[in-house]
1. Multiply the residue gap between Trp63 and Leu98 by 0.36 nm, knock off their C-alpha separation, and tell me the result in nm, one decimal place.
2. Exactly which GluC sites (Glu not before Pro) in the stretch 246-295 are in a DSSP loop and have at most 14 other Cβ atoms within 10 Å?
3. Would you tally the net charge around Ile245, using a Cβ to Cβ cut-off of less than 12 Å, leaving Ile245 out, and scoring K and R as +1, D and E as -1?
4. Along Cα→Cβ, 7 Å out, is where each label goes; now give me the distance between the ones at Phe280 and Gln55 in nm to one decimal.
5. May I ask for the net charge around Asp61, where only other residues with Cβ less than 10 Å from the Cβ of Asp61 are counted and Lys, Arg are +1 while Asp, Glu are -1?
6. Which value does Rg/Rh take for the stretch 155-295 over its C-alpha atoms, Rh per Kirkwood?
7. Just the Cα atoms of the stretch 233-295, one point each, no solvent: what log10 I(q)/I(0) does Debye give at q = 0.21, 0.23, 0.26 Å⁻¹?
8. Of Thr201, Thr134, how do they rank once you tally other Cβ atoms within 10 Å and put the fewest first?
Amino acid sequence: MNKYFNIIKDSYSGYFNYLLDEITRFHWENYFYGLLVISLIVWLLEILFPWRKNQKIFRKDFWLDTFYLFFNFFLLNLIALIALSNTAEAIFNDFLGLFGVSVSNFQLFDATQLPWFVGLLIFFLVADFIQWGTHIMLHRVPFLWNFHKTHHSVKEMAFAAHFRYHWMEPIVYKSMLYIPVAIIGGFTIEAVAIVHFFNITIGHLNHANVGWDYGPLKYIFNNPKMHIWHHSKKMPNNYGVNFGITLSIWDYIFKTNYIPYDGRDIELGFYEDEKFPKKFLNQELYPWNAEKETQ
């Protein structure tokens with residue numbers, strides 16, 4: 001038990017020092033400034049090329065979503081996510097150790113032995129496919145859907161809506177990603193940084209107030225005209241459509257794509273979203289309160 005306590009303690013101090021270094025020292029894979037630069041660029045694109053021209057620059061819940069940005073991308077990592085991830089990894093490895101094996105015993109290949117770009121592409125495709133499947137799970141499992149409702153409570157779409165999600169979501173995503181990525185193994189920090197910033201950029205654009213679909217590339221990359229239908233209040237089924245995170249190709253392959261017409265002005269949200277809390281703290285507590293009400 002002391003081992004896991006020390007992991008949590010070291011995770012806190014390690015992340016604090018990392019965040020301080022990110023803020024005070026600029027380097028190309030700098031997470032702090034990278035996120036801010038991407039956000040400002042996409043926000044500028046919204047202002048210059050608005051799809052919904054009557055939507056205000058500081059639209060409904062802009063400041064709430066901005067708070068989610070700092071909470072989810074910075075404070076959340078410091079408070080829980082890094083410590084929980086590192087502890088869960090140690091517990092999983094210790095469990096395997098009871099049987100005399102480790103994650104390396106299941107490793108299919110080492111990405112460092114492949115050409116750099118090939119390893120990068122494999123990491124990107126594997127991670128995106130796992131996240132696509134996890135996203136579907138967030139919609140289809142009632143308990144997880146109560147967490148995901150926070151993201152779907154957005155009523156006016158813009159880039160900052162990308163940040164609005166419950167703190168449990170990244171824990172679910174990272175848990176689902178850990179084993180597949182560990183089985184492949186050997187990904188460099190540079191590869192992780194490139195994929196991470198690319199995914200953030202596409203995620204920002206998916207939620208931005210711009211009416212782009214990228215032409216023929218819409219069948220490969222998720223885009224604003226496709227993702228707006230993922231947030232539609234009216235769905236052709238009970239659990240949703242267009243689950244792509246960065247890539248749209250999985251939706252087209254597995255027939256979960258849905259773009260019936262230009263969705264610029266469709267109503268966003270979910271059934272009875274008017275009952276969903278409007279304030280941050282109440283949104284964070286909602287899943288547990290909702291679970292109590294169903295018991």
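1. The Trp63-Leu98 span can extend by a further 7.7 nm.
2. Listed in order of number, the matching sites are Glu267, Glu272.
3. Neighbourhood net charge equals -3.
4. Going by the 7 Å Cα→Cβ label model, 2.2 nm.
5. Taking every other residue near Asp61 into account, the sum is +3.
6. Dividing the radius of gyration by the Kirkwood radius yields 0.99.
7. -0.99, -1.03, -1.11
8. The order, fewest Cβ neighbours first, is Thr201, Thr134.
Bear in mind these aren't lab numbers, they're just calculated from the coordinates by the rules spelled out. Quick caveat: nothing in here was measured; it's all calculated off a predicted structure. Note: ideal-geometry Cβ built from the backbone for every residue, glycine included; neighbour counts use all protein chains shown.
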